[in-house]
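The values are calculated or read from the model by the stated rules, or taken from the named source; none is laboratory data. All of these numbers come straight from a predicted model, not from anything done at the bench. Counting neighbours? That spans all protein chains shown, and the Cβs are built from the backbone with ideal geometry, glycine included. In case anyone asks, the SASA skips ligands and DNA or RNA and just uses the protein heavy atoms, side chains included. Shrake-Rupley method; radii C 1.70, N 1.55, O 1.52, S 1.80 Å.
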Amino acid sequence: MTIRILLADDQQAIRYAFRILLDAQPDMTVVAEAADGKSAVEQALHLRPDVVLADIRMPGLDGLEVTRALAGPEVAEPIRVVVVTTFDLDEYVHTALRNGASGFLLKRSGPALLAEAVRAAVAGEALISPQVTVRLLRQLTPSPRARTAPAPAPYEPLTERELSVVERVARGETNAEIAAALALAPGTVKNHLAVIQRKLDARNRVAVAVWAWDTGVVS
């Protein structure tokens, strides 16, 4: 399968660099570019790419608004959005993930991580720049006074093993790291995550992590 990508960034040089990098991957092709948020949403809804890479600061709709329009909780048929930005601000990370982002990368993270983030999004996972992972997940936990409603209970109770996986996901560990820590095969971890996402009605591992921090599974 060839992964179809839409690039949304107001800097032509960035779009050009990303296109060169991604088109060089054997399983990826850039199908469209947008220099502003409104165009990004319109093209994405028309072309239905597999992944949208969206900068945050763009004219018209910013990347956070683009993410909510394409991948937000109220979207019936969401499109995967990975936010790629220069700005490592907690409020941006928090809002992007709450709006349904399938990843959050800093532009300085490097080209290899960009391609990896695209593949992770298509696989239903989420890649976050290592520079912000643990800090980011801690920031997602509101104070008791800030909570307006308790986090939703899972549709089915999580097993002890599933809770162990959830805790490690919430601490930013990869499937390989979880497998090594729990003496499991990587495929078994992936299967556990699929079941966990179903039980929590979570679209990806970031949503699983948010649930874990919200409910106090990790603190």
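Scan (1) among the hydrophobic types (A, V, I, L, M, F, W, C); (2) modelled with pLDDT of 95 or more; (3) closer than 18 Å to Ala126 by Cβ for the single condition Leu45 breaks and write down its number.
(3)
Would you point out which residue out of Asp62, Asp50 is under 16 Å from Ala121 (Cβ atoms), of a type in the set (Asp, Glu) and surrounded by 16 or more Cβ atoms within 10 Å (Cβ to Cβ)? Even if it seems obvious, please write down each step before you answer.
On the way: Asp62 fails: under 16 Å from Ala121 (Cβ atoms).
Among Asp62, Asp50, only Asp50 is under 16 Å from Ala121 (Cβ atoms), of a type in the set (Asp, Glu) and surrounded by 16 or more Cβ atoms within 10 Å (Cβ to Cβ).
Can you tell me which residue among Glu74, Glu33, Glu42 is more than 18 Å from Val93 (Cβ to Cβ), of a type in the set (D, E, K, R) and assigned to a loop (DSSP other than H, G, I, E, B)?
On the way: Glu33 fails: assigned to a loop (DSSP other than H, G, I, E, B); Glu42 fails: assigned to a loop (DSSP other than H, G, I, E, B).
Of the residues listed, the single one that is more than 18 Å from Val93 (Cβ to Cβ), of a type in the set (D, E, K, R) and assigned to a loop (DSSP other than H, G, I, E, B) is Glu74.
If I ask for residues that are open to solvent by 60 Å² or more (accessible area, probe 1.4 Å) and either at pLDDT below 85 or aromatic (Phe, Trp, Tyr) (or both), which ones from segment 117-142 would you list?
Listed by number, the residues that qualify are Pro130, Gln131, Arg135, Arg138, Gln139.
Consider Leu200 against the criteria (1) out of contact with any Ser or Thr (no Cβ under 9 Å at 6 or more places or on another chain); (2) at pLDDT 85 or above; (3) surrounded by fewer than 19 Cβ atoms within 10 Å (Cβ to Cβ): it satisfies all of them except one. Which criterion is unmet?
Here Leu200 meets the rest and fails (3).
Looking at (1) under 15 Å from Ile5 (Cβ atoms); (2) of a type in the set (Asp, Glu); (3) open to solvent by 30 Å² or more (accessible area, probe 1.4 Å), which is the one condition that is false for Asp55?
With respect to (1) under 15 Å from Ile5 (Cβ atoms); (2) of a type in the set (Asp, Glu); (3) open to solvent by 30 Å² or more (accessible area, probe 1.4 Å), Asp55 is out only on (3).
If a residue must be surrounded by 13 or more Cβ atoms within 10 Å (Cβ to Cβ) and assigned to a helix (DSSP H, G or I), how many such residues does segment 1-24 contain?
Within segment 1-24, the first condition is being surrounded by 13 or more Cβ atoms within 10 Å (Cβ to Cβ), and the residues that meet it are 3-11, 14-19, 21-22.
After this cut, where a residue has to be assigned to a helix (DSSP H, G or I) as well, the list is 14-19, 21-22.
Residues meeting the conditions: 8.
Kindly state which helices (runs of 4 or more DSSP H) lie completely within segment 163-219 and contain at least 3 residues that are of a type outside the set (Gly, Ala, Ser) and over 20 Å from Arg98 (Cα atoms).
Details: elements: 175-182, 186-200, 205-215.
Answer list for segment 163-219: 175-182, 186-200.
Filter segment 178-197 down to the residues that are touching a residue at least 24 places away in the same chain (Cβ under 8 Å) and crowded, with 20+ Cβ neighbours inside 10 Å and list them by number.
Val189, His192, Leu193, Ile196
Across segment 77-105, which residue is farthest from His46 (Cα to Cα) among those that are in a helix (DSSP H, G or I) and β-branched (Val, Ile, Thr)? Can you show your working first?
Taking segment 77-105 first, the residues in a helix (DSSP H, G or I) are 90-98.
Next, only the ones that are β-branched (Val, Ile, Thr) stay: 93, 95.
Details: Val93: 27, Thr95: 25 Å.
For segment 77-105, the residue satisfying everything is Val93.
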